[in-house]
Amino acid sequence: MEKKPFVTKEQIEDIVKTYPTPFHLYDEKGIRDKARKLKKAFAWNAGFKEYFAVKATPNPYLMQILREEGIGVDCSSLTELMLSDVVGFHGKEIMFSSNVTPEADFRLAAKLGAIVNFDDLTHVDYYAGIAPCLETVCCRYNPGGDFTLQNHIMDSPKDAKYGMTKEQMKEAFRKMKGYGVKHFGIHAFLASNTTENGYYPKLARILFELAVELSEEIGVHIAFVNLSGGVGIAYRPDQKENDIEVIGEGVRKAYEEILVPAGMGDVAIFTELGRYMLAPHGCLVAKVLHEKHIWKEYVGLDACAANLMRPAMYGAYHHITVLGKENEPCDHKYDVTGGLCENNDKFAIDRMLPKIDIGDYVVIHDTGAHGFSMGYNYNGKLRSAELLLKEDGSVQCIRRAETPNDYFATLDLTPFRK
Ligand SMILES: *Cc1c(COP(=O)(O)O)cnc(C)c1O
């Protein structure tokens, strides 16, 4: 499938008059449409709710848009909880799926009335020593082994640090029942960035069967099954996109085969999608600063891995469009780099692109999730601005770019100033 940016060269030329590159740009219309599409695919389930994984894109303006679409938040840390609180999420609109959790984080989760998703059996007593018992609690499951789909290993839960074994789940539920918990949830995240429509349905089957077992054996009310994140996107033009309608239908089928006959037709389905919700609806816009001709052909951008870490960290593919040259032949081979003193600071390696000139604007696609948020300050590079392209075509700055003062803010430089 051809990948087209959601902005044109003319729009970018206009935006850079006010906000210089590099910046992450988000598309309000795309975000709202996506939220509605997801809800439609799961409309068969009365209790369905998506809890957006805040870590993917922790910007309150974007969280507000999702909130207006009826979406909650999934937090994993103190500051994500604080941000969610500021935006106005509270109580059961917040899922707290953390691991190796500090006391202060649990304390705030309790104060906000969030649904706590315990990563480990030992956290149950740890939490009980900090805050009073909750009415609704979730536990994270790790089935071990390999997670396969059509004989293909997608990931290996046996090597993942998350979740509890089945025996531990049972013990946790017994303990929590003793603490007075009334409604229970089950959660698992077994494969990331999946592009097969079968992932959620297969995961749902595993969790539904566990739900029936726990309900019968421990005698507790299972209120929800949380399918977590992991539904991916087509980063490459040759990849097929997930069909969320097919995914929702696959989960419904498993629900009717497993939960309904067990008299558990009231179980709500929750999701914690980050990437699927936002990745395609954000991009990193940068300008070509330099060209370099040595053993290979290089083009250097004013953005670097500090603005988008995925290519450097995972060798991840991000599609690149040279604005204004969408229809020119891709007959030049480039490494597209940033300016970090790290040779892995390459947005693309041996990528066929149109002939690039200094001053060209490039769009690096699919940075709306796990993009800006993974940024860092190595080499003293500053974090970029985040901009929102609104439905009416106007642009709002939803996070200003860092300045050197921000970078130095945690240092006391007074002893060095005369
Ligand atoms: C990261 C994460 C998510 C979101 O994952 P995506 O791949 O962005 O969908 C959801 N839940 C938990 C617990 C996570 O750690």
Per residue, in Å², the accessible surface of segment 42-273 once ligands and nucleic acids are set aside, probe 1.4 Å: 41 Å²
Listed residue (Leu112, His123, Ala316) projecting farthest to the positive dipole end of the chain, Cβ model: Leu112
Checked against the positive end of the charge dipole of segment 42-273 (+1 on Cβ of Lys and Arg, -1 on Cβ of Asp and Glu, about the Cα centre), the farthest of Ile71, Tyr235, Gly88 is Gly88
Just to check I understand the Karplus step: with θ = phi - 60° and J = 6.51 cos²θ - 1.76 cosθ + 1.60, what whole-Hz values come out for segment 289-296, glycine and proline as x? 8, 9, 10, 9, 10, 10, 6, 9
Which residues make up the longest stretch of the chain that has no chymotrypsin sites (Phe, Trp or Tyr not before Pro) in a DSSP loop with at most 13 other Cβ atoms within 10 Å? 1-294
From largest accessible area down, sort Glu93, Glu342, Glu50; use a 1.4 Å probe on the protein chains. Glu342, Glu93, Glu50
Those residues of segment 316-359 whose amide nitrogen sits under 12 Å from the label point placed on Thr195, 7 Å along Cα→Cβ: 317-319
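Taking a 29 Å limit on the Cα-Cα distance, which of the listed pairs Lys34/Lys161; Lys161/Lys296; Lys55/Lys240; Lys158/Lys381 fall beyond it? Don't jump to the answer; show the numbers that get you there.
Numbers: Lys34/Lys161 31 Å; Lys161/Lys296 41 Å; Lys55/Lys240 26 Å; Lys158/Lys381 38 Å.
In this structure, Lys34/Lys161; Lys161/Lys296; Lys158/Lys381 exceed 29 Å between Cα atoms.
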Note on the chain: contact order normalised by length, alpha-carbon pairs under 8 Å, 6 or more apart, percent, works out to 19 percent
Can you return the lysines within cross-link range of Lys177? Criterion is Cα-Cα under 22 Å, with same-chain partners fewer than 8 residues away left out. Lys92, Lys111, Lys166
Counting only protein heavy atoms and a 1.4 Å probe, tell me what percentage of the chain's accessible area is made up of carbon and sulfur. 51 percent
Can you give the calculated 222 nm mean residue ellipticity of the chain, where each DSSP H run of n ≥ 4 adds -39,500 (n - 2.57) and the sum is split over every residue, rounded to the nearest 500 deg cm²/dmol? -8000 deg cm²/dmol
Which trypsin sites (Lys or Arg not before Pro) in segment 168-256 sit in a loop by DSSP (not H, G, I, E or B) and have at most 14 other Cβ atoms within 10 Å of their own Cβ? Lys182, Lys240
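Helix by helix through the chain, keep the DSSP H runs that span 27 Å or more along the axis on Cα and average at least -0.5 on Kyte-Doolittle, and give those back in order.
Helices passing the filter in the chain: 199-218.
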About its Cα centre, how strong a charge dipole does the chain have in debye, to the nearest 20, once Lys and Arg get +1 and Asp and Glu get -1 at the Cβ? 460 debye
Tell me which residues come under 5 Å, amide H to amide H, from Ala188 once H is placed; ignore anything under 5 positions away on its chain. Tyr141, Asn226, Ser228
Bridge type composition, the chain - antiparallel percent by DSSP, nearest 5: 45 percent
Would you mind pulling out the separation of the Cα centroids of segment 95-119 and segment 374-412, in Å? 28 Å
Taking a ≥ b ≥ c as the square roots of the Cα gyration tensor eigenvalues, with a/c under 1.5 meaning rounded and otherwise prolate when a/b beats b/c or oblate if not, the chain comes out prolate
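The values are calculated or read from the model by the stated rules, or taken from the named source; none is laboratory data. A quick note: this is a predicted structure, and the numbers were derived from the prediction, not measured. All Cβ positions, glycine included, derive from the backbone under ideal geometry; neighbour counts span all protein chains shown. For accessibility, only protein heavy atoms count, side chains too; no ligands or nucleic acids. Shrake-Rupley method; radii C 1.70, N 1.55, O 1.52, S 1.80 Å.
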